[in-house]
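Undergrad: Questions regarding the structure given below will be posed in turn.
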Amino acid sequence: MRIGIIADAHGNLAALEAVMAGLRDAAPDIIVNLGDLVSGPFDPAGSAEAQMLAGYATIAGNHERQLLDDSTGALDVLSRPLLSAQHWAWIRSLPATLTLDGGDVFVCHGSPAGGDLEYLLEDVSSGRASIAEEAAILPRLDGIGGARLLLCGHTHMPRMVTVGDVLVVNPGSVGMPSYRERGGVPHVMEAGSPLARYAIVERSASGWSAALHGVPYDYEIAARQAEAFGFPNFAFSVRTGRVMAD
């Protein structure tokens, strides 16, 4: 059993196309899309169309919920009027979680216990992301049943972490490699490179293994789109994988 994983495309069609090409070459048995599909200052409608037509096993992230809840967040406000009726119908149809492979795989956007906004693996109390202590992560796994593989996104940080007897894999973000969070505990997330991200997990007789992939793409396409929408911070992000200084 081989599973391709993408997350957090955030409307970056140029990055998405590079990742989809990598997945076609890898030819996994199934591809899972972990949400935050279109909200971003790049190409919301084009990325919605590509992800919808791809037929991946797709869940909603917090931005799909926020699109439907009339959030006033800048990325949702930008994206909302650009989507077609077909895109909206697809977004409304998406579940919040999935279980695969007879319950051995649990799929969510944030964390199983805390929902689509909770960081599953990260501690950001320092202002930057580090792996949380296992004692802090374990309660966040409540609700996965007997799963031994958990796939999550949301933080945009590529990770593979073993927690108890569960392998947790976050593929990182397809198209938004860094961001700054100003609410709650202020912090930054930085992947550190402009590569577009995906992951492949595989089950063998000895258990699940994972490979994190970063692929180059023409990030100037996305950077110019972000600049045209008035988001120089995200243009800097896709060019560098880092957060623009205040």
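Undergrad: Would you confirm whether any residue within region 83-102 is closer than 22 Å to Asp218 by Cα and either open to solvent by less than 10 Å² (accessible area, probe 1.4 Å) or in contact with a Phe, Trp or Tyr (Cβ under 9 Å, 6 or more places away or on another chain) (or both)?
TA: Looking only at region 83-102, we keep the residues that are closer than 22 Å to Asp218 by Cα, and these are none.
No: region 83-102 contains no residue that is closer than 22 Å to Asp218 by Cα and either open to solvent by less than 10 Å² (accessible area, probe 1.4 Å) or in contact with a Phe, Trp or Tyr (Cβ under 9 Å, 6 or more places away or on another chain) (or both).
Undergrad: Considering each of Val174, Val168 in turn, give the residue that is touching a helix residue (DSSP H, G or I) at 6+ places or on another chain (Cβ under 9 Å), closer than 24 Å to Ser206 by Cα and crowded, with 20+ Cβ neighbours inside 10 Å. Can you show your working first?
TA: Numbers: Val174 fails: closer than 24 Å to Ser206 by Cα.
None of the other options fit; the residue is Val168.
Undergrad: Let me ask you something else. Out of region 8-51, which residues are in contact with a Pro (Cβ under 8 Å, 6 or more places away or on another chain) and either in a helix (DSSP H, G or I) or basic (Lys, Arg) (or both)?
TA: Narrowing region 8-51 to residues in contact with a Pro (Cβ under 8 Å, 6 or more places away or on another chain): 11, 18, 34, 38.
Scanning region 8-51 gives a single hit, Ala18.
Undergrad: Run down Ala113, Ala147 and say which single residue is open to solvent by 50 Å² or more (accessible area, probe 1.4 Å), in contact with an Asp or Glu (Cβ under 7 Å, 6 or more places away or on another chain), touching a residue at least 12 places away in the same chain (Cβ under 8 Å) and not polar (S, T, N, Q).
TA: Numbers: Ala147 fails: open to solvent by 50 Å² or more (accessible area, probe 1.4 Å).
Criteria check complete, one pass: Ala113.
Undergrad: Restricting to region 116-144, name every residue that is under 24 Å from Asp104 (Cβ atoms) and open to solvent by 80 Å² or more (accessible area, probe 1.4 Å).
TA: Glu134, Asp142
Undergrad: Check Ala191, Ala205 and return the single one that is of a type outside the set (Asp, Glu) and without any contact (Cβ under 8 Å) to a residue 40 or more places away in the chain. Outline the logic, then answer.
TA: Details: Ala191 fails: without any contact (Cβ under 8 Å) to a residue 40 or more places away in the chain.
Testing whether each residue is of a type outside the set (Asp, Glu) and without any contact (Cβ under 8 Å) to a residue 40 or more places away in the chain leaves just Ala205.
Undergrad: So, one more: Kindly evaluate Ser84 against the criterion of being modelled with pLDDT of 95 or more and over 17 Å from the mean Cα position of the chain (by Cα).
TA: Values: modelled with pLDDT of 95 or more: yes; over 17 Å from the mean Cα position of the chain (by Cα): yes.
Spelling it out, Ser84 is indeed modelled with pLDDT of 95 or more and over 17 Å from the mean Cα position of the chain (by Cα).
Undergrad: In region 192-222, which residues are of a type in the set (A, V, I, L, M), open to solvent by less than 60 Å² (accessible area, probe 1.4 Å), over 15 Å from Tyr179 (Cβ atoms) and not in a strand (DSSP E or B)?
TA: Listed by number, the list holds a single entry, Leu195.
The values are calculated or read from the model by the stated rules, or taken from the named source; none is laboratory data. Source: prediction; values computed, not measured. Cβ atoms come from the backbone with ideal geometry, glycine included; neighbour counts cover every protein chain shown. In case anyone asks, the SASA skips ligands and DNA or RNA and just uses the protein heavy atoms, side chains included. Shrake-Rupley method; radii C 1.70, N 1.55, O 1.52, S 1.80 Å.
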